[in-house]
Amino acid sequence: MRLAELSERSGVSTATIKYYLREGLLAPGRQVNATTAEYDEGHLRRLRLVRAMIQVGRMPVATAREVLRHVDDESLGRTIRLGAALWAMPQGPEPDEEDPSVVAARREVDALLRMLGWETAHELASLSPVHRSLVAAVAALIRLGYPCDAQLMEPYAELMHQVARRDLDLLQTHAAERDKVETAVAAAVLFEPVLRALHRLAQEEESARRYGLE
């Protein structure tokens, strides 16, 4: 398809597509002649992902470029490739290691990972921005006087492990490695708000079942 058709099918203006091309967020099309290029379904899928990252995920262009660099890095194995892409996404605040609440939170998170048998997560803790985000979140709860220890978090973590299994089952429906990682990134940007909303709806439903609608 030509640029005009790519714009029409994606809902992205040609000027924005050209900007994404200049910024390296979208691969160049196949050059037909000096002034014309052709694009395929892969360009359309990537364009939708870029829009999701920037418009829904509120990612800066530089962050989106870094995420996509890992998505496209065929030198990495599947687990490292997926992890690198997800680690490059915006995370929560960095924990202040001198804060006593952070020390307590790190202790509880480490205990949780041992309790769950999540060996890889435990081994990569010092490198993982996701781990640091969890520590910072738990520290905030502790600082405010809310209980948040390993035993309290364990059943929630087990439920999220079921979600992770479902996520990876979905990835297996794609043949190409890049498509698998693209899908994981898109799910992290677009589906996490769905999970959050479902959590709140489930709380409303369970409250009504237990206590009625009074």
Quiz item: Where residues in segment 101-137 are among the β-branched types (Val, Ile, Thr) and within 21 Å of Gln162 (Cβ to Cβ), which of them is most open to solvent (accessible area, probe 1.4 Å)?
Solution: Thr120
Quiz item: Could you give every pair whose Cβ atoms fall below 7 Å, whose first residue belongs to segment 68-81 and is farther than 26 Å from Arg51 by Cβ and in contact (Cβ under 8 Å) with a residue 12 or more places away in the chain, and whose second residue is in a helix (DSSP H, G or I) and among the hydrophobic types (A, V, I, L, M, F, W, C), counting only separations of at least 6 or pairs across chains?
Solution: none
Quiz item: Among the helices (runs of 4 or more DSSP H) contained in segment 120-214, which hold 3 or more residues that are of a type in the set (D, E, K, R)?
Solution: 150-171, 177-211
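Check Thr35, Thr79 and return the single one that is surrounded by fewer than 14 Cβ atoms within 10 Å (Cβ to Cβ) and not in a helix (DSSP H, G or I).
On the way: Thr79 fails: not in a helix (DSSP H, G or I).
Selected residue: Thr35, the only one of Thr35, Thr79 that is surrounded by fewer than 14 Cβ atoms within 10 Å (Cβ to Cβ) and not in a helix (DSSP H, G or I).
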Practice problem: Please list, ordered by first then second residue, the pairs with beta carbon atoms under 7 Å, 6 or more apart or interchain, first in segment 9-35 and without any contact (Cβ under 8 Å) to a residue 12 or more places away in the chain and under 20 Å from Glu66 (Cβ atoms), second in a strand (DSSP E or B) and of a type in the set (A, V, I, L, M, F, W, C). | Solution: Pro28/Ala37
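Can you find a residue in segment 51-61 that is of a type in the set (S, T, N, Q) and part of a helix (DSSP H, G or I)? Outline the logic, then answer.
The initial filter retains those residues of segment 51-61 that are of a type in the set (S, T, N, Q), namely 55.
After this cut, where a residue has to be part of a helix (DSSP H, G or I) as well, the list is 55.
Yes, there is a match, as at least one residue in segment 51-61 is of a type in the set (S, T, N, Q) and part of a helix (DSSP H, G or I).
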Quiz prompt | Subset of segment 82-100 that is open to solvent by less than 50 Å² (accessible area, probe 1.4 Å) and at pLDDT 85 or above - its residue that is nearest to Ser128 (Cα to Cα) | solution = Pro95
Self-check item: Which listed residue, of Val61, Val71, is β-branched (Val, Ile, Thr), surrounded by 13 or more Cβ atoms within 10 Å (Cβ to Cβ) and modelled with pLDDT of 85 or more
Solution: Val61
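The values are calculated or read from the model by the stated rules, or taken from the named source; none is laboratory data. This is a predicted model, so every value here is computed, not measured. Don't worry about glycine lacking a Cβ; one is built from the backbone with ideal geometry, like all the others, and counts go over all protein chains shown. The protein model used for the area step is the full one, side chains on, heavy atoms only, and it has no ligands, DNA or RNA in it. Shrake-Rupley method; radii C 1.70, N 1.55, O 1.52, S 1.80 Å.
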